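Encoded as structure tokens, the structure appears first; notes follow it.
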Amino acid sequence: MTAAGGWLPWAQAMAAALYDPEHGYYAGGPRRIGRQGDFYTAVSVGPLYGRLLADHAALRWQAWGRPETWWLAEQAAHDGQLMQDVLTALVEHHPELAARARPVLVEPQTGYEAVQRARLGVAWAGEMSWVRSVAELPGGSGLFICNELLDAFPAHRVRREGGQWRELGVALGGGGLEWQSRELTTPELRAETERLPEELPEGYVTEIQIAPLDWLRALAGSAFRGEVWIADYGLDAEDYWSLERPEGTLRRYFQHRMDDRVLEDWGKADLTCHVNLTRLQQEAQSLGFTLLEDSDQGLLLTRLAAPWLQSLEGRPPDAAARALLRQFQTLTHPGLMGRAFRVLRLACPRQG
């Protein structure tokens, strides 16, 4: 513990547990996902997700007037698998766009960039580029994919005590790390707590997410002027602050188990909390973004998959088609990933 008095605000503790360059969960390079890792993602299901994103990119490229240069950006690209899936699908199904697409990855961690370059640097060596932050994104139109990015941003945690909101942090106790509360540490955190419902009871705990708002502000200030695809665990404010969530949404993923034991196995477990989509949309609209769509992942992907599904009618699917249909069911079924993930599509503010 490095803070005064041995107490560290949760946002800083979560950042250290995930991103400390030596001991953090994401230190060094990409973690395994899927069957051999701690969790599944839409990407680990198979290449269909990238195929559908490629179809969406083609639709948006046409809607923007088929520009000569179309930026295909991604942040939280992990090992580069999703970008590879999208680019491969563009070459196979949308060759005209593939010739004009310019892929760029937002990657602040050098270990991740090295793995991404190893995967993507052969087939697309002359086209790929990397930047460290959204503020460095190139100007022009395109599609910016953010798949499970915002839920991994460090969040503040607050608890209702004596009719006031106090900030939760961690300190070393007799049995190891333990929760302790202090006065709110920043003016921005105090401003965000003023948005919380007054009727929340004593002892109620929730997360305050400031990092995603800062990320949106940086994106609004960049030169990029395309569409942003945000797919993540998310809830509307009414559900986010439900009385049925008295301990918030903070969870850990460890060896394919999800629980609330977030003070254990630091550096070995993933930590995450749901995104407050209402607050994110409020901030986006105040910055000049246009909300194009807010949808469950299942509904949106089903719409994108309609032409492909129709092409299968009237003939028995072969082995490849059956594999894709299994992926489609996992991505869209309400009991699997279809309702667990929400997708926001935003149009970046226009310049001038």
Tyr19: passes all of (1) open to solvent by 70 Å² or more (accessible area, probe 1.4 Å); (2) hydroxyl-bearing (Ser, Thr, Tyr); (3) more than 26 Å from Arg342 (Cβ to Cβ) but (3)
If we keep only residues of segment 122-145 that are out of contact with any Leu (no Cβ under 9 Å at 6 or more places or on another chain) and not hydroxyl-bearing (Ser, Thr, Tyr), then the residue surrounded by the fewest Cβ atoms within 10 Å (Cβ to Cβ) is Gly126
Counted residues in segment 310-352 being within 23 Å of Leu292 (Cβ to Cβ), surrounded by 14 or more Cβ atoms within 10 Å (Cβ to Cβ) and without any contact (Cβ under 8 Å) to a residue 40 or more places away in the chain come to 1
When segment 283-302 is checked residue by residue, the ones that are surrounded by 14 or more Cβ atoms within 10 Å (Cβ to Cβ) and not aliphatic (A, V, I, L, M) are Glu283, Phe289, Asp294, Ser295, Asp296, Gln297, Gly298, Thr302
Within segment 126-165, the residues that are part of a loop (DSSP other than H, G, I, E, B) and of a type in the set (A, V, I, L, M, F, W, C) are Met128, Leu137, Leu149, Phe153, Ala155
Filter result for Gln116 (open to solvent by 30 Å² or more (accessible area, probe 1.4 Å) and either modelled with pLDDT under 95 or not in a strand (DSSP E or B) (or both)) | no
Leu336 fails exactly one of (1) in a loop (DSSP other than H, G, I, E, B); (2) under 29 Å from Gln285 (Cα atoms), namely (2)
Checklist entry - Do we find that Glu264 is charged (D, E, K, R), in contact with a Gly (Cβ under 9 Å, 6 or more places away or on another chain), loosely packed, with under 14 Cβ neighbours inside 10 Å and without any contact (Cβ under 8 Å) to a residue 60 or more places away in the chain in this structure? => result yes
Expected single match for out of contact with any Pro (no Cβ under 6 Å at 6 or more places or on another chain), modelled with pLDDT of 95 or more and open to solvent by 70 Å² or more (accessible area, probe 1.4 Å) among Glu244, Glu188 is Glu244
Of the residues in segment 62-86 that are open to solvent by less than 10 Å² (accessible area, probe 1.4 Å) and not β-branched (Val, Ile, Thr), the one that is farthest from Ala231 (Cα to Cα) is Trp70
Among the residues of segment 51-59, are any hydrophobic (A, V, I, L, M, F, W, C), open to solvent by less than 60 Å² (accessible area, probe 1.4 Å), at pLDDT 95 or above and in a loop (DSSP other than H, G, I, E, B)? no
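Among the listed residues Leu120, Leu137, Leu143, Leu97, which satisfies the condition of being within 16 Å of Ala54 (Cα to Cα) and either touching a residue at least 60 places away in the same chain (Cβ under 8 Å) or within 23 Å of the chain's Cα centre (by Cα) (or both)? It would help to see each step written out before you state the result.
Details: Leu120 fails: within 16 Å of Ala54 (Cα to Cα); Leu137 fails: within 16 Å of Ala54 (Cα to Cα); Leu97 fails: either touching a residue at least 60 places away in the same chain (Cβ under 8 Å) or within 23 Å of the chain's Cα centre (by Cα) (or both).
When all the criteria are applied, what remains is Leu143.
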Original post:
Can we say Leu72 is modelled with pLDDT of 95 or more and part of a helix (DSSP H, G or I)?
Top reply: no
When Phe224 is run through (1) open to solvent by less than 10 Å² (accessible area, probe 1.4 Å); (2) over 28 Å from Leu291 (Cβ atoms); (3) in contact (Cβ under 8 Å) with a residue 60 or more places away in the chain; (4) aromatic (Phe, Trp, Tyr), the failure sits at (2)
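The values are calculated or read from the model by the stated rules, or taken from the named source; none is laboratory data. Predicted model only: the values in this text are computed from it and were never measured. Heads up, the Cβs are rebuilt from the backbone with ideal geometry, glycines too, and the neighbour counts pull from every protein chain shown. These accessible areas exclude ligands, DNA and RNA; they are computed on the full protein's heavy atoms, side chains included. Shrake-Rupley method; radii C 1.70, N 1.55, O 1.52, S 1.80 Å.
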